[in-house]
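The values are calculated or read from the model by the stated rules, or taken from the named source; none is laboratory data. Quick caveat, the model's predicted, so the values are computed rather than measured. Neighbour counts are summed over all protein chains in view; Cβ atoms, including those assigned to glycine, are modelled from backbone coordinates with ideal geometry. To get the accessible areas, we keep the full protein, side chains included, count just its heavy atoms, and leave off ligands, DNA and RNA. Shrake-Rupley method; radii C 1.70, N 1.55, O 1.52, S 1.80 Å.
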Amino acid sequence: MALEPDESVLDMGCGAGSIAIPLAQDGHPVIAADFSPAMLGTLDAGIEYYGLEDLITPLELAWDDDWDLVGPVAKAVDVAFASRSVTTSNLKGALAKLDRTARRRCAVTMVANSSPRYDLHLMNAIGASVTCSNGFVYAFNILIQMGALPQVTYFESPRRDTFDNLEAGVADFSRMLEHGNEDKVDRLRDYIAQHMIENPHAGEPGSKGVPQGRYMLDHVRKVRWAFIAWEPVSAPSS
């Protein structure tokens, strides 16, 4: 995000604060906005634990809310971003809201292949169909139409799914078998049986704090993301 020292930030769709808290610890004032009271409750606990009450301002806010009534005022922060949280049917409106809130820079991170719910390697191996997301392409085009000059970079985040036995793995991965793939359960079971290996970190906390299972697959699941950044094009309100 090319943040400069002490710049203020809007973290839209902040969740429990996985980005907002580190930013505040680096000295950035953060408006941490999310539509979920439960997420904001977890964020509040983190704010108290780390003593960041003076740097993080929680805000219950959804993309489809009227930001003129409940959102941050125009040009309220230096940088406005949404990381993996642009969940709205009005993509153009969401990008415009980030644009009107930021003085210097905006950014979004959006999936650039299949949904994070899917293991693309596994799905291809068992012959299951996967719909790839092109939302980031639409975002890029919308920004061009708005008069911005968006910059796009890509990165991958690795994920490991763990389980305690074959049937537990089948039950977990079966969540991916939707939209016409429901008949692939036997292929899924055969694949997992052939590719499950012992997890050397079994019992240790995983990425979500839950103890890891005894087994994992012999490949790393990778999710590709597009990071799109641009300089705001909307003028300050008079």
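Key figures for this structure:
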{"quantity": "Every pair of residues 6+ apart whose Cβ atoms lie under 8 Å, when the first sits in the stretch 88-110 and is touching a residue at least 24 places away in the same chain (Cβ under 8 Å) while the second is of a type in the set (Asp, Glu) and assigned to a helix (DSSP H, G or I)", "calculated": "Cys106/Asp99"}
{"quantity": "Val108 vs. criteria among the β-branched types (Val, Ile, Thr) and more than 15 Å from the chain's Cα centre (by Cα)", "calculated": "no"}
{"quantity": "Residue within the stretch 148-166 that is hydrophobic (A, V, I, L, M, F, W, C), farther than 23 Å from Pro116 by Cα and surrounded by 14 or more Cβ atoms within 10 Å (Cβ to Cβ) present", "calculated": "yes"}
{"quantity": "Failed item in (1) of a type outside the set (Gly, Ala, Ser); (2) over 27 Å from the mean Cα position of the chain (by Cα); (3) at pLDDT below 95; (4) open to solvent by less than 80 Å² (accessible area, probe 1.4 Å), with Asp183 passing the rest", "calculated": "(4)"}
{"quantity": "First in the stretch 181-195 and more than 12 Å from Ala171 (Cα to Cα), second anywhere and of a type in the set (Gly, Ala, Ser), Cβ under 6 Å, 6 or more apart", "calculated": "Asn181/Ala128; Lys184/Ala128; Tyr191/Ala125"}
{"quantity": "Helices (runs of 4 or more DSSP H) enclosed by the stretch 81-185 - at least 2 residues per element that are β-branched (Val, Ile, Thr)", "calculated": "135-146"}
{"quantity": "The lone exception for Met216 - which of (1) over 28 Å from the mean Cα position of the chain (by Cα); (2) assigned to a strand (DSSP E or B) it fails", "calculated": "(1)"}
{"quantity": "Qualifying residue in the stretch 186-203 (condition: modelled with pLDDT of 90 or more and in contact with a Ser or Thr (Cβ under 6 Å, 6 or more places away or on another chain))", "calculated": "yes"}
{"quantity": "Residue match in the stretch 42-58 (condition: open to solvent by less than 60 Å² (accessible area, probe 1.4 Å) and touching a Ser or Thr at 6+ places or on another chain (Cβ under 6 Å))", "calculated": "no"}
{"quantity": "Residue count, the stretch 127-146 (criterion: at pLDDT 95 or above and surrounded by 16 or more Cβ atoms within 10 Å (Cβ to Cβ))", "calculated": "5"}
